[in-house]
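The structure follows.
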Amino acid sequence: MSCLFCGIAAGDIPATVVLETGRTLAFRDLNPGAPTHVLVIPRDHYADMAALTDADPAYAGDVLATAVAVARQEGLDGGYRLVSNTGDDAGQSVHHLHVHVLGGRSLGWPPG
Ligand code: AMP
């Protein structure tokens, strides 16, 4: 199976890494939708948040903890948004779980 984010986790595909932990990796989105737009992934392959929480809820907690650490590191004191698109209706385009960390401007709600 060829997976883009597995390639980034393995270091085979370049990315701008902002934070690493033993089980997670955070890197800048190639096509940012906000001044700060970072993706947080588990190093291991899970298709989406449902797959990871079913298999290992504590690992899902690690991913969320890294997302919060990224927001703090990026200085998103005014607030930020964590998004994990799951499935076609949400527009998930990369089928390796990722949490978007978005901030750096006032974010509208609800999203389009
Ligand atoms: P989603 O639509 O929720 O699956 O989000 C996938 C995200 O991955 C999009 O925001 C893309 O801009 C981003 N993306 C795709 N390829 C790369 C890459 N090579 N490096 C960093 N971000 C990427």
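Out of everything in region 75-87 that is open to solvent by 50 Å² or more (accessible area, probe 1.4 Å) and in contact (Cβ under 8 Å) with a residue 12 or more places away in the chain, what residue ends up being farthest from A26 (Cα to Cα)? Even if it seems obvious, please write down each step before you answer.
We begin by selecting, within region 75-87, every residue open to solvent by 50 Å² or more (accessible area, probe 1.4 Å); these are 77-78, 80-82, 86.
Narrowing further to those that are in contact (Cβ under 8 Å) with a residue 12 or more places away in the chain: 78, 80-82, 86.
Numbers: G78: 20, Y80: 16, R81: 15, L82: 13, T86: 18 Å.
Here the answer is G78.
Of the residues that sit in region 39-52 and are open to solvent by less than 60 Å² (accessible area, probe 1.4 Å) and in contact with a Gly (Cβ under 9 Å, 6 or more places away or on another chain), which one is farthest from the ligand (Cβ to nearest atom)?
A50
Which number in (1) open to solvent by 70 Å² or more (accessible area, probe 1.4 Å); (2) in contact with a helix residue (DSSP H, G or I) (Cβ under 9 Å, 6 or more places away or on another chain) marks the one condition that S93 misses?
Status for S93: all satisfied but (2).
Moving on to the next point. Which residues, counting only those in region 8-34, are more than 8 Å from the ligand (Cβ to nearest atom) and under 20 Å from A60 (Cα atoms)?
A9, A10, V17, V18, L19, E20, T21, G22, R23, T24, L25, A26, listed by residue number.
Of all residues in region 10-34, count the ones that are under 12 Å from the mean Cα position of the chain (by Cα) and open to solvent by less than 60 Å² (accessible area, probe 1.4 Å).
7
The values are calculated or read from the model by the stated rules, or taken from the named source; none is laboratory data. Owing to the predicted nature of the structure, the values given are computational and were not obtained by experimental measurement. Ideal geometry is used to build each Cβ from the backbone, glycine not excepted, and the neighbour counts take in all protein chains shown. Heads up: the accessible areas ignore ligands, DNA and RNA and are worked out on the full protein's heavy atoms, side chains in. Shrake-Rupley method; radii C 1.70, N 1.55, O 1.52, S 1.80 Å.
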